[in-house]
1. List the residue pairs whose Cβ atoms are under 7 Å apart, where the first residue sits in the stretch 284-312 and is closer than 13 Å to Tyr252 by Cβ, the second is surrounded by 14 or more Cβ atoms within 10 Å (Cβ to Cβ) and acidic (Asp, Glu), and the two are 6 or more positions apart or on different chains.
2. Could you list, in sequence order, the residues of the stretch 353-406 that are touching an Asp or Glu at 6+ places or on another chain (Cβ under 6 Å) and farther than 25 Å from Phe249 by Cβ?
3. Do we have any residue at all in the stretch 222-236 that's outside the structural domain of Arg10 (by TED's automatic domain parsing) and over 20 Å from the mean Cα position of the chain (by Cα)?
4. When you look at Ala68, is it in contact with a Ser or Thr (Cβ under 6 Å, 6 or more places away or on another chain), in the same structural domain as Tyr168 (by TED's automatic domain parsing) and either under 16 Å from Cys185 (Cα atoms) or at pLDDT 95 or above (or both), yes or no?
5. Would you point out which residue out of Arg61, Arg104 is within 26 Å of Ala277 (Cα to Cα), exposed (fewer than 15 other Cβ atoms within 10 Å of the Cβ) and among the basic types (Lys, Arg)?
6. Which residues, taken from the stretch 273-312, are part of a loop (DSSP other than H, G, I, E, B) and under 21 Å from Ile47 (Cα atoms)?
7. Output the residue which, of all residues in the stretch 238-270 that are at pLDDT 95 or above and not in a helix (DSSP H, G or I), is surrounded by the fewest Cβ atoms within 10 Å (Cβ to Cβ).
8. Could you look through the stretch 17-33, keep only residues that are in contact (Cβ under 8 Å) with a residue 24 or more places away in the chain and part of a helix (DSSP H, G or I), and pick out the one that is farthest from Met59 (Cα to Cα)?
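The values are calculated or read from the model by the stated rules, or taken from the named source; none is laboratory data. Just so it is clear, the structure is predicted and the values come from calculations on it, not from any experiment. Cβ coordinates were reconstructed from backbone atoms using ideal geometry, including for glycine residues, and neighbour counts include every protein chain displayed.
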Amino acid sequence: MNVFEELQARGLVAQMTDPEKIEALLTGGEQVKFYIGFDPTADSLHIGHFVQAKIMAHMQRAGHIPIALFGGGTALVGDPTGKTDMRKMLTREELEHNITCFRRQMVPFVDFSEGKAITVNNADWLLDLNYLEFLRDIGVHFSVNRMLAAECYKQRLERGLSFFELNYMIMQSYDFLVLNRKYGCRLQMGGDDQWSNLIGGVELCRRRDGKEVYAMTSQLLLTADGKKMGKTEKGAVWINRARTSPYDFFQYWRNVKDAEVINCMKMLTFLPLEEIAQYEKLEGAALNEAKELLAFEVTKLVHGEMDALQSKEAARNLFAGSQTGGNIPTAVLAQEDFTDGLIDILTALTRTGLAKSKSEARRLVEQGAVFADGKKVDDTALCFAREDLFKAPVLLKKGKKAFHKIAAEG
């Protein structure tokens, strides 16, 4: 199976500008340079980025050369796609820090050794543009009517789209022109919500330089009810372990719904499709084996095999009633977290992130959904002594699947 067929079989292809020519390009023996853009709006990649990084890995394994474009310039504007409000404006220093984090976090997925891949920052060509020259040379090729009809702008038109954000599509399209001129890049890839932006780049290369280039989007990672995956009660699922611990990361994939597990295995792991097909036959409780394998494989890709093994062991121990397992997330409480040497259960729940607020924590306790070391908590005034937590952490559980330890620092 060639890479074109593999991406399709794994559900990683949504739309293409010219399927036949793209297939010929990727399977004809030529080493193709392609690019995927990553706007560094945070200091960590998230699950959506991970899907794109995995596509880069598939392509690289097939002999093609990925160009990872970091949007140090475009992120100063912010992509309006899928947003109801304008994104937070970041400083150049914040973006440089985020790009450094992105580069480091992509290393497990993509081989950046000499000649294997290319990294670029579009700030290198966007920040020094002469605006009037850019409008005359590039802006003249864009129809505002067509831009406003694009899906990436429709939602924002209802709330108000700034002229500032309207420039985003032109800037991203210009990236493709620059990469085609400098590296011979012939293919841009990205999530399906980027289709309009990708088309802009293809058309700009044709109109400005007469070059034939292509675009291919990937399916978005969605839940069974059509929502983007990668969200929890605590927020997004991040690649950075400081934002999402390896255990929480493992648990997210271990707890996906039955209808989602096979799709996630295809899109997020390198397990052979023949092996995944065997799990498609399973139903009900038998799917738990597939969920654990999914969680292990994705955690191994992101955090390494040791963290994946420790997370799997910790999860098994917890469900077996044991509190052992070094990978269980732990909140180490400082002296200022205690009042007269005590911390109450409501504060502890919010401090660990098991509850977003004290009112939610109170509701959880009153509903009988909170346990401390295996015992149901039925008193909202329950307190833990700092001295006791220093000697032995307490395992808090919310519902059936959310665990967190609390301990006191020395």
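1. The qualifying pairs are Thr299/Asp307.
2. Across the stretch 353-406, the qualifying residue is only Cys383.
3. No, the conditions are met nowhere in the stretch 222-236.
4. Values: in contact with a Ser or Thr (Cβ under 6 Å, 6 or more places away or on another chain): yes; in the same structural domain as Tyr168 (by TED's automatic domain parsing): yes; either under 16 Å from Cys185 (Cα atoms) or at pLDDT 95 or above (or both): yes.
Judged against the criteria, Ala68 is a match.
5. Selected residue: Arg61, the only one of Arg61, Arg104 that is within 26 Å of Ala277 (Cα to Cα), exposed (fewer than 15 other Cβ atoms within 10 Å of the Cβ) and among the basic types (Lys, Arg).
6. Within the stretch 273-312, Gly304 is the sole residue that qualifies.
7. That would be Phe270.
8. Lys21
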